[in-house]
Amino acid sequence: MSLAIGVISGKGGVGKTTLVSNLGVTISKYFNKKAIVVDANFSSSHLGIHLNLYRNLSNTIKEVLSGESSLQQSIYIHPISGLRVLPSSLKLGKFNTQKFGKILRDLKKTYDIVIVDLAPGLGKEVINVAKHLDAAIIVTTPDLPSATDALKTVKLLEKLKVDLLGVILNRVSGNVYELTRYEIESMLKYPCSIAIPEDKSAIESLALGLPLVLYKPSSKASLAIKKLAAALIGTNYEPKDFGYRIKKLIGMIKEEPVILIKPKEKKVKNKLNKNEFDIK
């Protein structure tokens, strides 16, 4: 069985859903793996918007959780990349998350990797999803409010006994007022897996409903995402571009490895408690 990996952030606006959509597309299209992304942001769903899927959407994870639809009836295919998507509903309503763990277990039987987009923050909605994950990666931007909430997220994952694979430092512009990678690592006591540069084309790609790795596949941000995707599935990525290889050979490009923490083996899946909370 594969791993269900959650992408989580202590606050919104850090590019979490953008990262999820681009990782899923990369793993599916560029690495030819069976990948599925799951929208577990029940209160403010965005993943389907990023992938331009809401035009003909009849069933979502909401209907699966309520028993109104089967899992297979609620999975959609991104037409360009072949990525499978289990979207959430744009409508406000009640979500009973008791079946969420079973959904992940069923998906892991079919797919090489399951990537879960959690809601921002650290409320009950996040806890009810996070406790079913095998592992998680935290997304933060290089500013104090985001890093502070990332530290809270670290503590939550430790309490839930969910393995933290690493911390993604996203939307890095290199300005002097930003926190450095070393400062964030010192604060969180976990390594930054990779730094993904800010890319203004991400807004354009969102407007087009086309993930950045398809819209600008050779941008620095896209290359960083591809390296991270490769690391998540246990392989390496290097652009095939001849110019890139020459620059690397003469030392113009210095690559840093993607740092991921190996998940711990568990004999028994830990649970926070037996109670579930409904999201209203």
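With every protein chain present, what accessible area does residue 206 have (1.4 Å probe, heavy atoms only), rounded to the nearest 10 Å²?
70 Å²
Calculated from DSSP H runs of 4 or more alone, at -39500 (n - 2.57) each and per residue, what is the 222 nm mean residue ellipticity of the chain, nearest 500?
The helix contribution divided over the chain gives -9500 deg cm²/dmol.
Counting Lys and Arg as +1 and Asp and Glu as -1, what is the net charge of the other residues whose Cβ lies under 15 Å from the Cβ of residue 8?
Overall, the nearby charge balance is +1.
Could you please report the charge total around residue 220, scoring K, R as +1 and D, E as -1 over all other residues with beta-carbon less than 15 angstrom from its beta-carbon?
Around residue 220, the charge tally is +2.
Could you derive backbone 3J(HN,Hα) for segment 62-70 from the dihedral phi with the Karplus parameters 6.51, -1.76 and 1.60 (θ = phi - 60°), listing whole Hz in sequence and x where the residue is Gly or Pro?
4, 5, 5, 5, 8, x, 7, 8, 7
Applying 1/(1 + (r/R0)^6) with R0 = 41 Å to the Cβ-Cβ distance of residue 44 and residue 235, what FRET efficiency is obtained, to the nearest 0.05?
With a Förster radius of 41 Å, E is 0.75.
For segment 159-240, just the Cα atoms, rotate onto the principal axes and tell me the three extents in Å, largest first.
39, 34, 27
Please work out how much accessible surface residue 223 shows to a 1.4 Å probe, ignoring ligands, DNA and RNA, in Å² rounded to 10.
Here the accessible area works out near 40 Å².
Go ahead and collect, in residue order, the members of segment 14-28 whose backbone nitrogen is under 19 Å from a label point 7 Å along the Cα-Cβ direction of residue 77.
Counting only backbone N, you get 24-28.
Any idea what the dipole of the chain comes to, in debye rounded to 20, about its Cα centre with Lys/Arg Cβ at +1 and Asp/Glu Cβ at -1?
720 debye
Taking a probe of 1.4 Å, how large is the accessible area per residue of the chain, in Å²?
With the other protein chains kept in place, the chain gives 50 Å² per residue.
If you count only protein heavy atoms and use a 1.4 Å probe, how large is the accessible surface of residue 245, to the nearest 10 Å²?
120 Å²
Obtain the radius of gyration and the Kirkwood radius of segment 49-147 from its C-alpha atoms and give Rg over Rh.
0.97
Could you tell me which label, among [x] 7, 26, 30, 22, 10, 4, 1, 0; [y] 5, 22, 26, 22, 16, 7, 1, 0; [z] 6, 30, 38, 21, 5, 1, carries the value of P(r) over Cα pairs in 10 Å bins from 0, in percent calculated for this structure?
Matching the structure shown: [z].
Given the Cα-Cα distance of residue 176 and residue 250 and 0.36 nm per residue of separation, how much length would full extension add, in nm?
23.8 nm
Using a probe of 1.4 angstrom, how much of the accessible area of the chain is carbon and sulfur, in percent?
53 percent
The values are calculated or read from the model by the stated rules, or taken from the named source; none is laboratory data. Everything numeric in this text was worked out from a predicted model, so none of it was measured. Note that each Cβ is placed from the backbone with ideal geometry, even for glycine, and that neighbours are counted across all protein chains shown. Keep in mind that these areas ignore ligands, DNA and RNA; they rest on the heavy atoms of the full protein, side chains included. Shrake-Rupley method; radii C 1.70, N 1.55, O 1.52, S 1.80 Å.
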